[in-house]
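Notes to accompany the following structure.
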Amino acid sequence: KPSSANGRKRKQTELPGTEDKPKFTSFENALPTYTHTALTHLILHPPPENSEENNNENITKRTYLHHIVTQNVDGLHRKTNIPREKMSILHGDIFTEICDTCHTEHVSKHEIQSIGLKHTGHNCTLGGSPAGSCPGKLKDTLLDWEDDLPQIDWARAQEECYKADLVLCLGTSLRIEPAGGLCTYPTYPTAAASSGGKKKGGKKKKKASEKLGYAIVNLQRTPYDEGAALVVRGRVDDVMKGLMEKLGYGCDWDASDEAFG
């Protein structure tokens, strides 16, 4: 804590213009933003019936967005009720513990009070057969600087970015590696492409040169701006509102349907 030379606590002053801004209290009280809920909506819901895409008889109904990769530990994506398999959490979640034996995740409504994959003093209550019979102990999932990325989430993030036609980088500085480099994965040649471009079922897979690459929405410059197909200097919520309308979802889809608050 800051203190003066005589050991008394130094008075903390507020920056001009911040007096009336809401103060952060806890992650437990934080709610998903428009962008969090819009991304989940894009994963779960195909374009509306009256959209240009669904009016094309040659296009099968599909969703625009397929996967979310997050470095944030605030748990806000999970609060939108997104299916776990549709999300890669690379740096952990302040609300999530994991069993050291069966690796089952335990999600709490309260913040986990440790960091660095340490045991929390809680026992596994979900794993095993029958459920709850696992003797494992729970650890936090928050990475410290020297910790490795979670293997399953990292592998899934790489696979999804390789397959993507376009990676959207929303509100990130792209300065933490190796996660920052995921945006370039659509531009890499895939094993399928080098072996004739076929995947199961005989359908030809797109070459890296046929993909769009990645787009960045961020207020500040990033190390990957130069190679981006598009860079937007703006607030992510503003951009997502325009995107949802442009894709045919309009302004009347209910963001509160996704989040549990």
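The values are calculated or read from the model by the stated rules, or taken from the named source; none is laboratory data. All values derive from a computational prediction rather than experimental measurement. As a convention, Cβ positions derive from the backbone with ideal geometry for all residues, glycine included, and neighbour counts pool all protein chains shown. For the accessible areas, the whole protein counts, side chains as well, though only heavy atoms, and no ligand, DNA or RNA atoms are used. Shrake-Rupley method; radii C 1.70, N 1.55, O 1.52, S 1.80 Å.
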Restricting the stretch 140-151 to residues that are touching a residue at least 40 places away in the same chain (Cβ under 8 Å) and either touching a helix residue (DSSP H, G or I) at 6+ places or on another chain (Cβ under 9 Å) or not in a loop (DSSP other than H, G, I, E, B) (or both), the residue that is most open to solvent (accessible area, probe 1.4 Å): Leu149
Could you run through the stretch 99-119 and say how many residues are under 27 Å from Gly181 (Cα atoms) and either under 15 Å from the mean Cα position of the chain (by Cα) or open to solvent by less than 50 Å² (accessible area, probe 1.4 Å) (or both)? 1
Looking at (1) open to solvent by 50 Å² or more (accessible area, probe 1.4 Å); (2) touching a Leu at 6+ places or on another chain (Cβ under 7 Å), which is the one condition that is false for Cys161? (1)
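Inside the stretch 212-249, can you point out the residues that are part of a loop (DSSP other than H, G, I, E, B), open to solvent by less than 40 Å² (accessible area, probe 1.4 Å), hydrophobic (A, V, I, L, M, F, W, C) and within 18 Å of Tyr34 (Cα to Cα)? Working first, answer last.
Taking the stretch 212-249 and keeping what is part of a loop (DSSP other than H, G, I, E, B), we get 212, 218-229, 233-235, 247-249.
Now drop any that are not open to solvent by less than 40 Å² (accessible area, probe 1.4 Å), which leaves 218, 222, 225, 228, 234, 247-249.
With hydrophobic (A, V, I, L, M, F, W, C) added as a condition, the list becomes 228, 247.
Scanning the stretch 212-249 gives a single hit, Leu247.
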Would you mind stating whether Lys86 is among the basic types (Lys, Arg), in contact with a His (Cβ under 7 Å, 6 or more places away or on another chain) and open to solvent by 50 Å² or more (accessible area, probe 1.4 Å)? yes
Are any of the residues in the stretch 192-211 at pLDDT 85 or above and either surrounded by 15 or more Cβ atoms within 10 Å (Cβ to Cβ) or out of contact with any Ser or Thr (no Cβ under 6 Å at 6 or more places or on another chain) (or both)? yes
Number of positions in the stretch 172-190 that are surrounded by fewer than 17 Cβ atoms within 10 Å (Cβ to Cβ) and on the phi > 0 side of the Ramachandran plot: 0
Counting only strands (runs of 3 or more DSSP E) entirely within the stretch 61-139, those with at least 2 residues that are free of Cβ contacts under 8 Å to residues at least 24 places away in the same chain are 119-123
